[in-house]
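The values are calculated or read from the model by the stated rules, or taken from the named source; none is laboratory data. The model shown is predicted, which means the values in this text are computed figures rather than measured ones. We place every Cβ from the backbone using ideal geometry, glycine too, and count neighbours over all the protein chains shown.
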Amino acid sequence: MPKENGAAGTSGTMESLTGWVAAVGKSPPVAFVAVGLLVVLAGTVTRIGPLEFASRGSVTVLLGVGGVLMAVGIVWYVLARRELISHDAIVTRGDDGEPLAGLPSVTYDARFLLDLLYYAMPPAFVKELHLNPDDPSKIQSSHHIIRNAAFLNIQRDSELLPAKVRTPARKDYNEADERALEEGRSWQLEVADRLAGDRKPVTILTTKTMMRREGKVYIVGWYIPIELESKLELAGDDVCLNSYAHQPIFHPVLSGDDEGLAVHVAPTLRRTHNAIAEPESD
């Protein structure tokens, strides 16, 4: 009987170990920690239930190797988790405010994300930066790798600025790239390099974000055309814009004819706006 109990105990322990190994095998950082823990246990523990262990060599070496493996796993896990958090934050809560279990599988579909950027976003682009090897804080050159449909439509349907304006405007774009490289993000009021239908320069507000991936540096940008108020003074290098949740607040400009963009007004907004606009009666 004692032998049967021992066999059963050994079988149960091995099944537990097998399940544990399968679980940690799904996460390389956790696997590092697990292996490191086993190495430490091998140097300090000689018996677990019916299983007996015999270690050879220096216990100090085993403890050192196990400690290094565990430290690598922990650091790896923290860095990987930091990247996951930045992605999971996109959908941490659903429309009802309840936390979500994680990102839907479609968000890992590269083609879906590319189509989303190309067809659904405002004029947007992605540039790859080539940094100066002698001074990585400076940009040596850059080129577009993605320009979406809205961006290309503007490029196709409008004329280039005259060279005397286009050249300094493109210098402005490069300076915004450098600020995004240095600070991580840049907002800039600037002149588009294309003329409007009335052959006048178009003012745009461009947002650029610096991203790093596999040793390369990219600028992800988007912009919208705006109209500046005539009373707005642009004497200095910077202006302070009203913002909401770290995003600039835009003022739509109503068109005087039917050639503008038809935008539906939500009933709730119409009611609340009109209620605010109506003067109080005595």
Residue match in region 234-246 (condition: closer than 22 Å to L117 by Cβ and assigned to a strand (DSSP E or B)): no
Close pairs (6 angstrom Cβ cut-off, 6 or more residues apart or separate chains): of a type in the set (G, A, S) in region 136-164, surrounded by 14 or more Cβ atoms within 10 Å (Cβ to Cβ) anywhere: S142/K127; S142/L129; A149/Y118; A150/P123; S158/R194; S158/L195
Single match in L195, L181 (criterion: hydrophobic (A, V, I, L, M, F, W, C) and more than 26 Å from C240 (Cα to Cα)): L195
Residues of region 102-127 satisfying the condition of being more than 16 Å from the chain's Cα centre (by Cα), surrounded by 14 or more Cβ atoms within 10 Å (Cβ to Cβ) and not in a loop (DSSP other than H, G, I, E, B): Y118
Scope region 233-250; condition at negative phi and loosely packed, with under 10 Cβ neighbours inside 10 Å; matching residues: E233, L234, A235, G236, D237, D238, C240, N242, Y244, I249
Scope region 151-191; condition small (G, A, S), surrounded by 14 or more Cβ atoms within 10 Å (Cβ to Cβ) and over 21 Å from the mean Cα position of the chain (by Cα); matching residues: S158, A169
Residues of region 212-229 that turn out to be closer than 18 Å to Q188 by Cα and either without any contact (Cβ under 8 Å) to a residue 12 or more places away in the chain or not aliphatic (A, V, I, L, M) (or both), as a count: 7
Residues of region 233-259 satisfying the condition of being farther than 15 Å from W187 by Cα and modelled with pLDDT of 80 or more: H251, P252, V253, L254, S255
Extreme residue, modelled with the lowest pLDDT, among residues of region 197-212 that are surrounded by 14 or more Cβ atoms within 10 Å (Cβ to Cβ) and more than 20 Å from the chain's Cα centre (by Cα): P201
Some residue of region 177-184 being out of contact with any helix residue (DSSP H, G or I) (no Cβ under 6 Å at 6 or more places or on another chain), part of a strand (DSSP E or B) and under 20 Å from P123 (Cα atoms): no
Region 134-173: number of residues that are part of a loop (DSSP other than H, G, I, E, B) and either at pLDDT below 90 or closer than 23 Å to M121 by Cα (or both): 5
Qualifying position, being more than 26 Å from the chain's Cα centre (by Cα) and surrounded by 11 or more Cβ atoms within 10 Å (Cβ to Cβ), among R194, R271: R194
Which numbered condition G221 fails, given (1) surrounded by fewer than 10 Cβ atoms within 10 Å (Cβ to Cβ); (2) modelled with pLDDT of 80 or more; (3) outside any helix (DSSP H, G or I): (1)
